[in-house]
1. Under 8 Å for C-alpha pairs, at least 6 residues apart: give me the relative contact order for the stretch 14-85, rounded to a whole percent.
2. Assuming R0 = 22 Å, what is the FRET efficiency of E185 and K129, from their Cβ-Cβ distance, to the nearest 0.05?
3. Gaussian network model of the chain, Cα springs within a sub-10 Å range: biggest mean-square fluctuation belongs to which of D109, D95, D19?
4. Angle between the Cα long axis of helix 186-202 and the longest principal axis of the chain, 0 to 90 degrees, nearest 10?
5. Report, in whole Å, the centroid distance computed from the Cα atoms of the stretch 69-93 and the stretch 118-169.
6. With springs only between Cα atoms under 10 Å, which of H187, H81, H12 fluctuates most in a Gaussian network model of the chain?
7. How would you classify the stretch 114-162 from its alpha-carbon gyration tensor, with a ≥ b ≥ c the square roots of the eigenvalues: rounded for a/c under 1.5, else prolate if a/b is greater than b/c, otherwise oblate?
8. Might you report the magnitude of the Cβ-based charge dipole of the chain about its Cα centre, with Lys and Arg at +1 and Asp and Glu at -1, to the nearest 20 debye?
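Computed from the coordinates by the stated procedures, all read-outs in this text should not be read as laboratory data. Predicted model only: the values in this text are computed from it and were never measured. Reconstructed Cβ throughout: ideal geometry from the backbone, glycine too, with neighbour counts over all protein chains shown.
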Amino acid sequence: MKEKKNDIAWEHLTISMNDYLPLRDVVFQTIRQGILHGVLPPGQRLMEIQLAKHLGVSRTPVREALRMLELEGLVVTVPRHGAEVAEITQKDLQDVLEVRCALEALAVDLACMAITEEELQSLRANTDKFGKLIESGNISALAECDVAFHDIIFSATHNNRLVQLLSNLSEQMYRYRLEYLKDKEVHPVLLQEHKEIITHLEKRDTTKAKEVITRHINKQYEDVIKNLKKVE
């Protein structure tokens, strides 16, 4: 059985007040982002008193936010233990990546026809940056760079509705992406796949581009599951 986590990196969990949102929703978004970005990792205990004290609010909006997060599947309540960040399950990961695979295949298909030279140059610059970040070992920076790479492709589709869907999915994917990048052996593989995607986009080869993006996503699924099994 894995040991439950009790310590939170409080300096990375900050609240931004919004005059146009109920306090409950502000607290909800703060904790949600903390979960998705790995500040609150799977298995992390979420104690109302601690969270309320750190965020400078009463326990009521924290309690309401945790209930909302439970409905979203990001938080679970354990009998005689309280609320904690939900573990990443194989089924959850599979569900998200199946949708991602279908939408990103469509995205590279459309991007092959519509991408501009400026957007291709942005992808090349992103890939150069990713290569340099591999040496730093900064997982969060690598994750942000990986997100930016895919965002450039999404934007290159020039399909606003698809961009919106993929952006929402990308947010849900973030904590899976962090798990994937914890394995340093995948970093050069990921870099090579990004380069292959760029090559096929340059050639407007939709078939090859979709093949690479599908392999890219399936490998992520396999590696995250492998990493999760190591800590079970």
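1. 35
2. Plugging the Cβ-Cβ distance into 1/(1 + (r/R0)^6) gives 0.60.
3. D19
4. The helix 186-202 is inclined about 50 degrees to the chain.
5. Rounded to whole Å, the Cα centres lie 29 Å apart.
6. Result: H81 has the largest fluctuation of those listed.
7. Oblate shape, in that a/c is at least 1.5 and b/c is the bigger or equal ratio.
8. The calculation lands at about 620 debye.
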